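Bear in mind these aren't lab numbers, they're just calculated from the coordinates by the rules spelled out. These figures come from a predicted structure and were not determined experimentally. As a convention, Cβ positions derive from the backbone with ideal geometry for all residues, glycine included, and neighbour counts pool all protein chains shown.
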Amino acid sequence: MSLIAESKSPVISASPTVLVVEDETDIRDLIATALQRDLNCRVRAVPSLRQARRILATEPVELLVADIGLPDGDGMSLLKALRSRHPYSQAIIITGKPSMEDAVTAMRYGAADLLAKPFTAETLIEHARRAIRRQQLAAKDEVRIEKLKTAVRRLNESRRMVARKVDLLCNDLVGAYGELAKQLDQVRTQEGFRSLLAAAKDLEQLLCHAMDWMLRQHGYCNIAVWLAGQDQFQLGAYMKHTIAGDPPLIEAMRQGMLRRVIREGFVHLEGEEAAGALTAAENRFLRGQTIVGTHCTYLGESLAVLILYREGARPFTAADAEVIKSIGPIFAVALAAAVRVEGGEHDESDGGLAEPDDGADMPEKPRKRKKTSDADWWKNGEPPPF
């Protein structure tokens, strides 16, 4: 850093530097001696403007004492250089011919006093002491201002840092609450599915309830429910929306998408990805479809595969896919329970059918079904209730 740049900072010194510019040797020595003796100053005394400008450009100066009439110019011209290099410094102009014009000019350029010759040492010291005091007060004020500015800058930096941390924390909280809300919604969805399946009385009704729930949850679509058999998976139920479950399609899915879902556990395909994942036989029926499939296992045993598909113009969302994926284990547990009931002892009651009295000669009454759940519409051959 240059000396000029350093000199622009406020200077508060116990031994201030005074630059005396006077061409008369006796007066210059008198001023220098008085200042050094009474004010404990470091005095730099020169006889010309050229020497004075060199000192102002390279050294810190707290007080300038300059004569107007110098051999190489007007001492008043030093005021501008002083103010430029040392903005908090003071100046005393001395002259042998004082005038109002000189006084006004001196004040305009920042001189503290205009001192007329001849003057006593006491008068000079009084003016110099007052000027140095003003310089020190101005320098102290500037130091306080700079400290305040620095404190404000640091405070603003801290505030911005805290604001960034608060924003990050808020974003984390929003994300956490969003994730928690998502998980709660998923739990509610899973519990609703679990409760619906628990109300099923047999395997057929279980399949009806499961497909009814999926249609209500995700909208109309084609649904294929594959159940594990002795040797291979068999189609347990099929819900047609736009594509009939004809044998060629079912066989193509058995050799293609069914195996892929079992192998990968879960698939969500649409657009070109779906077309590339399907076999040539499947593409004859399913080109342009959006597909979701999940493998349903219980205690490591493969029990079922759910495959849903519909037109690519109405794709399954990521949320739809997550729901289908989450119900796979629930469906597997319900299916295992239903299979145990089917394979165990059955209640021999007729489930609400009318029975004739023993020995009574009565005509056979028509067998009636009990009222079933709304979810049994598919089983009963009824139109969808939604």
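Answer rounded, prolate or oblate for region 149-295, using the Cα gyration tensor with square roots of eigenvalues a ≥ b ≥ c: rounded when a/c is under 1.5, else prolate when a/b is larger than b/c, else oblate. Prolate. Proximity of backbone amide H atoms, modeled 1.01 Å from N, is registered between V65 and L19, V20, V21, I92 at under 5 Å, excluding neighbours fewer than 5 places apart on the same chain. 3J(HN,Hα) couplings calculated from phi for region 267-281 with the Karplus curve 6.51 cos²θ - 1.76 cosθ + 1.60 (θ = phi - 60°) are, in sequence order, 9, 9, 10, 7, x, 5, 4, 5, 4, x, 7, 7, 6, 4, 5 Hz; Gly and Pro show x. Applying the Karplus relation 6.51 cos²θ - 1.76 cosθ + 1.60 with θ = phi - 60° to region 226-239 yields 3J(HN,Hα) values of 9, 10, 6, x, 5, 10, 7, 6, 10, 6, x, 7, 9, 10 Hz, where x marks Gly and Pro. Rounded if a/c is under 1.5, else prolate if a/b is larger than b/c, else oblate: which is region 3-146, with a ≥ b ≥ c the root eigenvalues of its Cα gyration tensor? Here region 3-146 falls in the rounded category. For a test of the definition: using alpha carbon positions, the gyration tensor, and the 1.5 limit on a/c, classify region 146-198 as rounded, prolate or oblate. Prolate, since a/c reaches 1.5 and a/b exceeds b/c. Taking amide H atoms as placed 1.01 Å from N in the peptide plane, the amide H of L115 lies under 5 Å from those of I93, I94, T95, each 5 or more residues away in sequence or on another chain.
Coupling constants for region 120-129 follow from the phi torsions by the Karplus curve (6.51 cos²θ - 1.76 cosθ + 1.60, θ = phi - 60°), and in residue order they are 8, 4, 5, 5, 4, 4, 4, 5, 5, 4 Hz; glycine and proline get x. Scanning residues 5 or more positions from S302 or on other chains, none has an amide H under 5 Å from its amide H, with H placed 1.01 Å from N in the peptide plane. When the trypsin sites (Lys or Arg not before Pro) in region 219-267 are filtered for DSSP coil states and for at most 14 other beta-carbon atoms within 10 Å of their beta-carbon, the remaining sites are K240.
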